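Asker: Let me begin by handing over the structure; questions about it come next.
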């Protein structure tokens, strides 16, 4: 593979004379502008699917410390969880660090290690944190075993762990976004997945970044059945769902053209159209949250468009806002209980490296 485009170190060899053998990795989370929902197999196996997304400077981070035995100890630095077991036993999926257990099992490790993990956003935030975490684990543990995997193989393995092994409902964009990194148009079909990097001018990307805001709306998403409901609406041929998904798909290409033409205001307006159609696709995505009131308040004070990240039910609201209106928007959102943060774009995907530092 070409390591100039993906910061993953294939065939990494551990030399105990020159290194402690400690490995670290980090994988970025993502924001999605359009197309979410069309990256589900029930949609793209019958018609085309696509998403427009970009990685951001929020990460899942992993460190692997080699052990001389078959024991595995997994620690969540930020959440305070720990799991211990032997590689000679099947891991118990009990809701504690199951993503890490499943990734280790898939990779078929022969020697034990300690694995520390931490994330820059809470679970269920809608920023693709689960896939970033699995991606970082795969990268570090694969390098520990000297496995050579190209970016598509890494993403496919990530998807298999989440969707097949652990039966976590969701689409396919997150696994590819975190692995490849950058600003991508990702296309899905019955024949496979294709990641198309957008070659956007650096100044345009910097200007877009200046217009983006992230607002945490709270109510971290649990298993509320939103994805199951969305799929059921599709199979029931609910007209608003099919029409909403169709427009969400075409918005991917409209947004791409707006960016290539440098039309950021038009991009923001299309983002608003995506918010409207996502609710048409599944009206329940904002139920039980303050998302609608926050979005209305943001639009009232100058935001042009926005998008609820992930499947809904809470997490982060992405906003496109003219820079001279951002002060008023931020204050208005904070008065309503929102927590506003900046949004910095990350051009790189999964990174793995060796270190001598504990």
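The values are calculated or read from the model by the stated rules, or taken from the named source; none is laboratory data. In this text, all values refer to a predicted model and were calculated from it rather than measured experimentally. Cβ: placed from backbone, ideal geometry, glycine included. Neighbour counts: every protein chain shown.
Asker: Considering each of 46, 24 in turn, give the residue that is surrounded by fewer than 22 Cβ atoms within 10 Å (Cβ to Cβ), over 20 Å from residue 310 (Cβ atoms) and at pLDDT 95 or above.
Answerer: After ruling out the rest, the residue left standing is 24.
Conditions tested, residue by residue: (1) surrounded by fewer than 16 Cβ atoms within 10 Å (Cβ to Cβ); (2) closer than 15 Å to residue 49 by Cβ; (3) not assigned by TED's automatic domain parsing to the domain that holds residue 38.
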{"site": "233", "(1), (2), (3)": "no, no, yes"}
{"site": "236", "(1), (2), (3)": "yes, no, yes"}
{"site": "240", "(1), (2), (3)": "yes, no, yes"}
{"site": "244", "(1), (2), (3)": "no, yes, yes"}
{"site": "247", "(1), (2), (3)": "no, yes, yes"}
{"site": "251", "(1), (2), (3)": "no, yes, yes"}
{"site": "254", "(1), (2), (3)": "no, no, yes"}
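Asker: While we're on this one: Going by the structure shown, is residue 248 under 16 Å from residue 306 (Cβ atoms) and modelled with pLDDT of 95 or more?
Answerer: Judged against the criteria, residue 248 is a match.
Asker: Okay, next question. Is it true that some residue in segment 299-307 is buried (at least 16 other Cβ atoms within 10 Å of the Cβ) and assigned to a helix (DSSP H, G or I)?
Answerer: Within segment 299-307 (the criterion being buried (at least 16 other Cβ atoms within 10 Å of the Cβ) and assigned to a helix (DSSP H, G or I)), the answer is yes, since at least one residue qualifies.
Asker: Among 54, 121, 100, 60, which is the only one that is in contact with a strand residue (DSSP E or B) (Cβ under 6 Å, 6 or more places away or on another chain), outside any strand (DSSP E or B) and at pLDDT 95 or above?
Answerer: Sole residue among the options that is in contact with a strand residue (DSSP E or B) (Cβ under 6 Å, 6 or more places away or on another chain), outside any strand (DSSP E or B) and at pLDDT 95 or above: 100.
Asker: If I filter segment 124-136 for residues that are farther than 18 Å from residue 354 by Cα and surrounded by fewer than 17 Cβ atoms within 10 Å (Cβ to Cβ), do I get at least one hit?
Answerer: Scanning segment 124-136, I find no residue that is farther than 18 Å from residue 354 by Cα and surrounded by fewer than 17 Cβ atoms within 10 Å (Cβ to Cβ), so the answer is no.
Asker: Here's another thing I want to ask about it. Would you mind finding the one in 233, 249, 216, 253 that is on the phi < 0 side of the Ramachandran plot, part of a helix (DSSP H, G or I) and under 19 Å from the mean Cα position of the chain (by Cα)?
Answerer: 249 is the lone residue from the list that is on the phi < 0 side of the Ramachandran plot, part of a helix (DSSP H, G or I) and under 19 Å from the mean Cα position of the chain (by Cα).
Asker: In segment 261-281, what count of residues is obtained for those that are farther than 22 Å from residue 321 by Cβ and touching a residue at least 60 places away in the same chain (Cβ under 8 Å)?
Answerer: 1
Asker: Across segment 169-191, which residue is surrounded by the fewest Cβ atoms within 10 Å (Cβ to Cβ) among those that are touching a helix residue (DSSP H, G or I) at 6+ places or on another chain (Cβ under 8 Å) and assigned to a loop (DSSP other than H, G, I, E, B)?
Answerer: Once the filter is applied, the top-ranked residue is 190.
Asker: What's the total number of residues in segment 327-358 that are within 25 Å of residue 296 (Cα to Cα) and surrounded by fewer than 18 Cβ atoms within 10 Å (Cβ to Cβ)?
Answerer: So the count comes out to 11.
Asker: Here is a further query. From the list 69, 116, 78, exactly one residue is in a loop (DSSP other than H, G, I, E, B) and either within 19 Å of the chain's Cα centre (by Cα) or surrounded by 15 or more Cβ atoms within 10 Å (Cβ to Cβ) (or both). Which is it?
Answerer: 78
Asker: Across segment 274-298, which residue is farthest from the chain's Cα centre (by Cα) among those that are assigned to a loop (DSSP other than H, G, I, E, B) and closer than 13 Å to residue 229 by Cβ?
Answerer: The selected residue is 287.
Asker: Do we find a residue being over 30 Å from residue 238 (Cα atoms), out of contact with any helix residue (DSSP H, G or I) (no Cβ under 6 Å at 6 or more places or on another chain) and outside the structural domain of residue 229 (by TED's automatic domain parsing) anywhere in segment 34-52?
Answerer: no
Asker: Still on this structure, please answer the following. Out of all the residues in segment 310-334, which are in a strand (DSSP E or B) and within 16 Å of residue 286 (Cα to Cα)?
Answerer: 315, 316, 317, 318, 319
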